Amino acid sequence: MVLAADRGRVHLVDVDDAHHGHRRQARRGRLTDTARAAQGTGLFPRPVPLRAIGRVYETYLQFVVRADSPVRAVSDLAGHPVSLGAAGSGAAVLGERILHAAGLAPGTDMPVLHLPLADAADAMRAGSVDALLVAGGVPLPTLTGLDDDPGLRFLPLAGLLPRLGGRDGRAGSGLEKVPLPQGAYRTAGGVDTIGVSNLLVCRLDLPRGVAEALTRLLVLRATALVPDNAVGTQFLDVGSLIGTGAVPLHPGAVAAYRSLHG
């Protein structure tokens, strides 16, 4: 999901919406593709000038199998049906890349389905799907339910980063190594997965005063903006807000950060 600010209004933007200039609530967005688009590559035929207000939170890739499964790594999934998220979702796009990075050919080495999370969870309980991938915050209620019954094992993904374009865990690639937090699920704590940095972005011509006010809101009201059930990495502190990687900060955001923290 990508949050975008445009002339004083904040809204959700899907990468396809941005391509066509439409503004409507997005079903899913992919920050990595949007950041690449700003450099004139990826889904966009020409560069899209973006500026960042801040790096606001982490999306965790969560690749799970049943606790009683013999699968302990992505490379073990050959011959096992997997769900890589709903068609067009971030999990669907990154999921195939993850399988390729593990040396597997989706659709050849294993059947690949694209199910909404609730349907994938039902399929895992029924035994028709052996693994599912989802991108989201932690904990996800659906995964919590599966972790209670029948029980889950979370597959480590961070070792695949070098083959996915991740640059030693740096934010510039949009992908980085993150451990699943202790307490998120019963046995997932410390498993190294892949995080996707989520940026609040805006048009290049967003008025400086609007960008500055929005930045101050993120910093000064951080505790009110983080959901109560969130236990994962949150970026609403100045040290991490400014780490926007390949997307430069808006001058108004720079001014706000400097005035707040020098």
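The values are calculated or read from the model by the stated rules, or taken from the named source; none is laboratory data. Keep in mind that what you see is a predicted model, and the values were worked out from it rather than measured. With ideal geometry, Cβ positions are generated from the backbone for all residues, glycine too; neighbour counts draw on all protein chains shown. With ligands, DNA and RNA removed, areas are computed over all heavy atoms of the protein, side chains included. Shrake-Rupley method; radii C 1.70, N 1.55, O 1.52, S 1.80 Å.
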Next on the checklist: Considering only residues that are at negative phi, of a type outside the set (A, V, I, L, M) and either surrounded by fewer than 24 Cβ atoms within 10 Å (Cβ to Cβ) or touching a Lys or Arg at 6+ places or on another chain (Cβ under 6 Å) (or both), which ones fall in the range 190-209?
Outcome noted: ASP192, THR193, SER197, ASN198, CYS202, ARG203, ASP205, PRO207, ARG208, GLY209
Checklist entry - For MET124, which of the numbered conditions (1) among the aliphatic types (A, V, I, L, M); (2) part of a loop (DSSP other than H, G, I, E, B); (3) open to solvent by less than 50 Å² (accessible area, probe 1.4 Å) fails to hold? => result (2)
Checklist entry - In the set GLY183, GLY145, GLY159, which member is open to solvent by less than 30 Å² (accessible area, probe 1.4 Å) and small (Gly, Ala, Ser)? => result GLY145
Checklist entry - Counting residues that are more than 27 Å from SER69 (Cα to Cα), in contact with an Asp or Glu (Cβ under 9 Å, 6 or more places away or on another chain) and modelled with pLDDT under 90, which strands (runs of 3 or more DSSP E) fully inside the range 150-262 reach at least 2? => result 192-203
Item to check | Residue check, SER69 open to solvent by 10 Å² or more (accessible area, probe 1.4 Å), assigned to a loop (DSSP other than H, G, I, E, B) and polar (S, T, N, Q) | outcome: yes
Checklist entry - Is it fair to say VAL138 is buried (at least 21 other Cβ atoms within 10 Å of the Cβ), assigned to a loop (DSSP other than H, G, I, E, B) and at pLDDT below 95? => result yes
Checklist entry - When both residues are 6+ apart or on different chains and their Cβ atoms are under 6 Å apart, which pairs have a first residue that lies in the range 96-110 and is surrounded by 17 or more Cβ atoms within 10 Å (Cβ to Cβ), and a second that is among the charged types (D, E, K, R)? => result ALA101/ARG163; PRO106/GLU96
Next on the checklist: On the basis of being open to solvent by 10 Å² or more (accessible area, probe 1.4 Å) and either part of a helix (DSSP H, G or I) or not hydrophobic (A, V, I, L, M, F, W, C) (or both), does GLY79 make the cut?
Outcome noted: yes
Checklist entry - Is it true that LEU104 is in a strand (DSSP E or B) and under 23 Å from VAL191 (Cβ atoms)? => result no
Checklist entry - Is it the case that the range 57-75 has a residue that's modelled with pLDDT of 55 or more and basic (Lys, Arg)? => result yes
Checklist outcome for this item: Checked the range 76-89 for anything modelled with pLDDT of 95 or more and either among the hydroxyl-bearing types (Ser, Thr, Tyr) or farther than 14 Å from LEU133 by Cβ (or both); matches are ASP76, ALA78, GLY79, SER83
